[in-house]
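Asker: Just passing along the structure, written as structure tokens.
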Amino acid sequence: MGRMYTLNQIPSEAQIRKYLRRILFGKNVFCPDCRSRRVHVQGGRYRCKDCRIRFTLLSHSWLSNLKLPLETWWMVLWCWSCEIPVKQARALTKLSTVSIRKWFDTFREHLPKETHVLEHIVQLDEAYFKNMTLIMGKQKGTRNLAYDVIMGTAVQRHHAGYFLFRKVKPGSELWTDGAAIYKGIGKWWPVKHSRDIHKKFEFEHTSEIEGVFGNYRTFARRMYHHHWSINLEKYVREFCFRFSSPELFKNPLFYLTKSLTLGTTC
């Protein structure tokens, strides 16, 4: 394994520690158990003078088992934030493909929870993968997305209905293609349904959501090189966050501020 490249956008280890300490503790370090600020610091380790527990900067976070040097870890996070493909991240950091994928999975798992309830005009469509189906909706004119991943490709009306029950506000307009699963859907959930017939070259009602599906496929191929169905849900979740909340990925600090908190060890 060669030496990791040095880049100007990667802070020093001391600066990274400063960032992490500010995100986790604010201006002053406190005990993660009893919240006392009577903490003794020695050699990068901490001891609470009240409850006497010992802890480190990351011991009570989901980074408690971090073994990588901080600069290397930050570079992996920077690669993920900037959509650097796995192969490029491996060449840049000198880590193995397995390590890069594991860390990309970890970053994805700690995205904050986000659930959009779509309203007004909602475009809805589905895409089929090997043994799995993706139903995705987009609130027209916004970046709000919602999705369901369904095992198998025999999608039926109750699958569409279940999506609507949880993710589309009553009284919204629903725009779809001419798929049979949407026929009479307004009798199952209070939406006004309009549809395109693609065989008649009608595409107005699904143009935005079909564009999103195209963007997703491009993202998955570019970032992860191949697309196994087993990875469908986690890749879609990441894509939806990138699409709906791009500010989280402008800089590793934005992501860490939202995802890194005390008490979330894993």
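Asker: Are there any pairs, at least 6 apart or on different chains, whose C-beta atoms fall under 7 Å, with the first in the range 3-20 and modelled with pLDDT under 85 and the second of a type outside the set (S, T, N, Q) and assigned to a loop (DSSP other than H, G, I, E, B), and if so, which?
Answerer: Once the first residue is modelled with pLDDT under 85 and sits in the range 3-20, its partners that are of a type outside the set (S, T, N, Q) and assigned to a loop (DSSP other than H, G, I, E, B) give Arg3/Lys94; Met4/Lys94.
Asker: Also, quick follow-up: Taking the range 163-178 only, how many residues are aromatic (Phe, Trp, Tyr), over 15 Å from Lys140 (Cα atoms) and in contact with a strand residue (DSSP E or B) (Cβ under 7 Å, 6 or more places away or on another chain)?
Answerer: Qualifying residue count for the region: 1.
Asker: Please work out if Phe165 is in a helix (DSSP H, G or I), surrounded by fewer than 17 Cβ atoms within 10 Å (Cβ to Cβ) and not polar (S, T, N, Q). Walk me through it before giving the result.
Answerer: Numbers: in a helix (DSSP H, G or I): yes; surrounded by fewer than 17 Cβ atoms within 10 Å (Cβ to Cβ): yes; not polar (S, T, N, Q): yes.
So Phe165 passes the test.
Asker: Here's another thing I want to ask about it. From the set of residues in the range 127-159 that are of a type in the set (A, V, I, L, M, F, W, C) and in a loop (DSSP other than H, G, I, E, B), which is farthest from Gly211 (Cα to Cα)?
Answerer: Within the range 127-159, the first condition is being of a type in the set (A, V, I, L, M, F, W, C), and the residues that meet it are 127, 129, 132, 134-136, 145-146, 149-151, 154-155.
Filter once more, keeping what is in a loop (DSSP other than H, G, I, E, B): 154-155.
Working: Ala154: 23, Val155: 21 Å.
Among those residues, the one meeting the criterion is Ala154.
Asker: Can you find a residue that is over 19 Å from Ser259 (Cβ atoms) and more than 18 Å from the chain's Cα centre (by Cα) anywhere in the range 101-118?
Answerer: For the range 101-118, residues over 19 Å from Ser259 (Cβ atoms) and more than 18 Å from the chain's Cα centre (by Cα): present.
Asker: Does Thr93 satisfy the condition of being β-branched (Val, Ile, Thr) and either within 18 Å of Arg195 (Cα to Cα) or not assigned by TED's automatic domain parsing to the domain that holds Pro190 (or both)?
Answerer: yes
Asker: Yes or no: Ala89 free of Cβ contacts under 8 Å to residues at least 12 places away in the same chain and aliphatic (A, V, I, L, M)? Reasoning before the result, please.
Answerer: Details: free of Cβ contacts under 8 Å to residues at least 12 places away in the same chain: no; aliphatic (A, V, I, L, M): yes.
Judged against the criteria, Ala89 is not a match.
Asker: Please specify each residue of the range 98-126 satisfying the condition of being of a type in the set (S, T, N, Q) and assigned to a loop (DSSP other than H, G, I, E, B).
Answerer: The answer is Thr115, and nothing else.
Asker: Listed residues Ile209, Ile230, Ile185, Ile181; which is surrounded by fewer than 15 Cβ atoms within 10 Å (Cβ to Cβ) and among the β-branched types (Val, Ile, Thr)?
Answerer: Ile230
Asker: Ok, one more. Please go through the range 78-126 and give me each residue that is crowded, with 19+ Cβ neighbours inside 10 Å and in contact with a His (Cβ under 7 Å, 6 or more places away or on another chain), ordered by number.
Answerer: Gln123
Asker: With respect to His193, is the statement that it is within 30 Å of Cys82 (Cβ to Cβ) and either basic (Lys, Arg) or outside any helix (DSSP H, G or I) (or both) true? Lay out the reasoning, then the answer.
Answerer: Details: within 30 Å of Cys82 (Cβ to Cβ): no; either basic (Lys, Arg) or outside any helix (DSSP H, G or I) (or both): yes.
So His193 fails the test.
The values are calculated or read from the model by the stated rules, or taken from the named source; none is laboratory data. The shown structure was predicted, so the numbers you read here are calculated from the model rather than taken from an experiment. Cβ coordinates were reconstructed from backbone atoms using ideal geometry, including for glycine residues, and neighbour counts include every protein chain displayed.
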